[in-house]
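The values are calculated or read from the model by the stated rules, or taken from the named source; none is laboratory data. Note that the coordinates shown come from a computational prediction; the quantities given were computed from them, not determined experimentally. Please note: Cβ atoms are built from the backbone with ideal geometry, for glycine as well, and neighbour counts cover all protein chains shown. Ligands, DNA and RNA are stripped out before the accessible areas are found, and what is left, the full protein with its side chains, is counted by its heavy atoms. Shrake-Rupley method; radii C 1.70, N 1.55, O 1.52, S 1.80 Å.
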Amino acid sequence: MDSLTKTRNIPLLIDNTEHLPFLLKIVVGQGLHQEVLDVTGLTTKSHMIHQYIYPITELKDVMIELRTGEDLDIKIVWNKMNENEAEENTNSFHLSRNNPVHILYQNGRGEEYPWRCGTYHFEVYFNNRVYFGGFKIDPKNVDSNQLEHIHEVINQNLNGLAQDYIHHKKALGNGNLSDFENHSYWHYFRWYESIETKLLSSLKMIEQNGYHDIQPSYQIGEQPRRLDNKSLRFEASYKGSIFRGTKYLNKLYDSTFDLDINRLVKIRTYDILSQMGQGIHFLKKIYTDQLNYLDKMKSELEELKATRETIENAKRITEREKQRISSTIFGKEISFQKQKGQLDQMSNLLKKVELFKRTLTGKIHSNFWRAVTLDPPKRLMVGKHPGYHLFHQVWRASHSLNKVKGNDSTVLPVYKPTYVLYEYYVYFGMLTILQELGYDAEEETLTEQLLRTFYQDGLRDGTKVSLVKDDTLINLTYDEDIEPDANVALERKTHFYSGGGKRKPDIRIDLYKKSDGNWFYKNTFIVEVKYSPFHNIFHRQGQTRAMEQMYEYWKIMYIRELNNFERHAIGQVVCVYPGSEAQPIVCPESCGIFLQYLPKVNATSIYDITGKEELTALVSEWIQKNR
């Protein structure tokens, strides 16, 4: 707090005109690295928030301080991201002269960092008025341009993967807070839920207008059906008297529903239904895969618990081994509960979107719309009635899902945590390196392989793609647990096992050679990914956590079949990190190799990457050695 009192007092202006009788300061970080941001301006117009943005570096402590000499009560609503749309998206609190500081985030309290990189809004309530401002979470270990390149690489390989569709934020204004939100099925159904009422209303308005505009016509028939004044006048006329008692002039309604303007609406509605159908098919496939995966996790947990019960009272089994099994069970239980929660969310989403589709299908199959054909309209006419304008407004919005106008709010997915994005970035970097070395997919495309494990929370642990070149197969596996025991590895046909405590490398590259029509395992290249500065992952005087992990990975082994072991399975362990100008790009150490890997500053291409050439050389050398 002492450092705060030394900062200068800068007045708070509203829309550059009105002064408020208090000051606000955003305090980021702590100690020598603490930074105090003066809130110099706010606005009464939410669509002007982009002019009042305050930068905050991710993962650092954040608190807000009030400065005033008066007895004031200030309410602040600070935006955050949430997992459940029913939850409140904000952190609301009060500041006063007696309670001038509120901690928004503090390291070491065991809480998850409440924001992802991107822009959010906050609101200040004073004297029955509300003032708006924004804050931007900037990446800690790379700059904003480098992070944008990371997003581009990820989304180019698997569109939508950079977004987290479980967590969300609420944005105000004209889209300036939206960043970029790529189209995906999760985003599509969020959008559809927000416009469903408007879409159904527009179809109903068009239908009602169609019935209202029907023009009557008349036809002579043998039975009296719909008679009106014109029918009676016909009967009294000379011509009608000829047919009196045998012929009648019946009123008919000429159906003019099958018009170009209605055909266009029906075709576009069917397009929306088709998009829904594709989305539902996609979600059902993932749901089935995730359900099978959950069953597998449950089976593995039960086996581990049975093993623990067996060895619990065995005196010849060390306490360290018992603790290792218990730690493995604890980690898998956490993963199981997380997977189960996500599966419940997907089940609820499927029920919701299937109802969307049934409702819209019922609407477009009414008597009115059945009379409209799906023949292409000869002219693209929008129609003058408000129903047509409303429908096409919704249609246009489907092509720009992230645009918000005025003071509207929208729920937007956020980016995944930067450390996860960096892991994906390195994973796809490895994929690119292997492709440049001549390896490629043999049957399923790489995208098809990735989509099998692409879930709304991202790539599932154990995501694997296979690439082939001549008689060499390479499996690139993301974040998969290594089995704790050789027998378990053989039984589950995973083959990798380790007696070490760290058994989940970020990226595992396994090389196989073909012989007599079968693939035989040769060797493994490990990549550990650390979104941290070099001084946090390496130390000359002792082992850091990253160094301990690297040492542990050398203990990973491979069992081919019963009593046939490959005890020197690991050919290389590389730890990649976002870079340090004080260090060489490649830094060999006793635990493995440390390598800088990040987009070059001011790079013009997303594949202009520091460390890529060096990493390619290491991978190429490893392949040549094991071919």
task = Search the stretch 274-330 for residues being outside any helix (DSSP H, G or I) and of a type outside the set (V, I, T), and hand back the single one that is most open to solvent (accessible area, probe 1.4 Å).
result = R316
message = Against the definition (closer than 25 Å to L595 by Cα, buried (at least 16 other Cβ atoms within 10 Å of the Cβ) and hydrophobic (A, V, I, L, M, F, W, C)), how does I559 come out, yes or no?
response = no
Top-ranked residue of the stretch 402-442 - restricted to ones that are among the β-branched types (V, I, T) and modelled with pLDDT of 75 or more, ranked as surrounded by the fewest Cβ atoms within 10 Å (Cβ to Cβ) = T432
inquiry  = If P224 meets every condition in (1) more than 30 Å from V372 (Cβ to Cβ); (2) modelled with pLDDT of 75 or more; (3) assigned to a loop (DSSP other than H, G, I, E, B) apart from one, which number is that one?
reply    = (2)
ask   = Any residue at all in the stretch 501-510 that is in contact with a Lys or Arg (Cβ under 8 Å, 6 or more places away or on another chain) and closer than 29 Å to K340 by Cα?
value = yes
task = Residue by residue through the stretch 572-590, note down the ones that are crowded, with 17+ Cβ neighbours inside 10 Å and touching an Asp or Glu at 6+ places or on another chain (Cβ under 8 Å).
result = V573, V574, C575, V576
task = Might you check whether a residue that is of a type in the set (G, A, S) and either more than 30 Å from Q339 (Cβ to Cβ) or modelled with pLDDT of 85 or more (or both) occurs anywhere in the stretch 278-295?
result = no
inquiry  = Restricting to the stretch 444-476, give me the number of residues that are crowded, with 18+ Cβ neighbours inside 10 Å and at pLDDT 90 or above.
reply    = 7
request  = Hey, can you tell me all the residues within the stretch 339-367 that are within 30 Å of L459 (Cβ to Cβ) and without any contact (Cβ under 8 Å) to a residue 40 or more places away in the chain?
outcome  = G341, D344, N348, K351, L355
ask   = For N174, all conditions in the list (1) within 23 Å of G29 (Cβ to Cβ); (2) assigned to a loop (DSSP other than H, G, I, E, B); (3) at pLDDT below 90 hold save one; what is the number of the exception?
value = (1)
inquiry  = Can you tell me how many residues within the stretch 477-504 are touching a helix residue (DSSP H, G or I) at 6+ places or on another chain (Cβ under 7 Å), without any contact (Cβ under 8 Å) to a residue 60 or more places away in the chain and open to solvent by less than 20 Å² (accessible area, probe 1.4 Å)?
reply    = 3
